[in-house]
Amino acid sequence: MGALTQVGKLATLSWEVLRAIFKRPFQFREWIQQCWFFASVTILPTALVAIPFGAVIALQLGSLTQQIGAQSFTGAASALAIVQQASPLITALLVAGAGGSAVCADIGARKIREEIDAMEVLGVNPIQRLIVPRVLAAIVVSVLLNGLVSVVGVLGGYFFNVVMQGGTPGAYLASFNALAQVPDLWVSEIKALLYGFVAGVVAAFRGLNPAGGPKGVGDAVNQAVVITFLLLFLINVVLTAIYLRIVPPKAM
């Protein structure tokens, strides 16, 4: 029952955040500051993680395609794996791990200092004032970083496939053009958007409900990261299954 209660509270907070997004006044300055914060702590780590991730995918798929005699499809397989699966997950994990943990710690510290309660007494909605700008910042930065990771990952895969495994640039690009389609990019961006929303809401939820004291805030940060990771992988499975059912594969 305790777990179901927490799920219900998280769903309620998600609905309240969605409703508060369209209410005025919108905290534009706070949103810009949070976007800058998320970007500053995630851009470099995300780019650095995308390079080896793309390299590993390209090397593994390149070795596999050589064994079955399908080297010409290495580009399409590695690029689609990076764009559809790796890019949104890498982005969301770093947004949740770096930005989400900071958001949870900030909200949790405000909660134990009773700043949230003071805002409610003064008639200020803490969700509209504090949570909405942070959730929107996580969404915007996740979508933008997803594009960056896709480009860096595909370029890294191209380099390692062509240079390390002796593949041909023409075959790599031709197979990618033959099998990739625009919905692949759209589903990647939709995943990044949902992942950013989940990361922001979970971080805010755990920050608003610490166990008490500084130790409770630290535990809430750890719980927020773990819960976000679990939800992201679950959502990824569901969205991938729906996408494969709805969007037909591109004909050769």
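A compact table of results
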quantity: Within a Gaussian network of the chain (alpha carbon springs, distance under 10 Å), most fluctuating of Leu234, Leu194, Leu80; calculated: Leu234
quantity: Distance from region 88-137 to region 165-230 (C-alpha centre basis), Å; calculated: 18 Å
quantity: Contact order normalised by residue count of the chain, Cα under 8 Å, 6+ apart, percent; calculated: 32 percent
quantity: Accessible area in the full protein assembly, largest first, 1.4 Å probe, for Ser40, Ser101; calculated: Ser40, Ser101
quantity: Stretch gain in nm, segment Asn177-Arg29, where the contour uses 0.36 nm per residue and the Cα spacing is subtracted; calculated: 49.1 nm
quantity: For region 97-113, 3J(HN,Hα) per residue [Karplus equation, 6.51 cos²θ - 1.76 cosθ + 1.60, θ = phi - 60°, Hz, x = Gly/Pro]; calculated: x, 8, x, x, 5, 5, 5, 4, 5, 5, 5, x, 5, 5, 5, 6, 8
quantity: Label assignment, log10 I(q)/I(0) by the Debye sum over Cα atoms at q = 0.11, 0.12 Å⁻¹ derived from the structure, set [x] -0.76, -0.87; [y] -0.64, -0.73; [z] -0.54, -0.65; calculated: [y]
quantity: Spin-label pair Ile235/Ala11, simplified geometry with 7 Å Cα→Cβ offset, distance in nm; calculated: 1.6 nm
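The values are calculated or read from the model by the stated rules, or taken from the named source; none is laboratory data. This structure is a prediction, so every number in the text was calculated from the model and none was measured. No Cβ is skipped: glycine too gets one built from the backbone with ideal geometry, and neighbour counts run over all protein chains shown. Ligands, DNA and RNA are stripped out before the accessible areas are found, and what is left, the full protein with its side chains, is counted by its heavy atoms. Shrake-Rupley method; radii C 1.70, N 1.55, O 1.52, S 1.80 Å.
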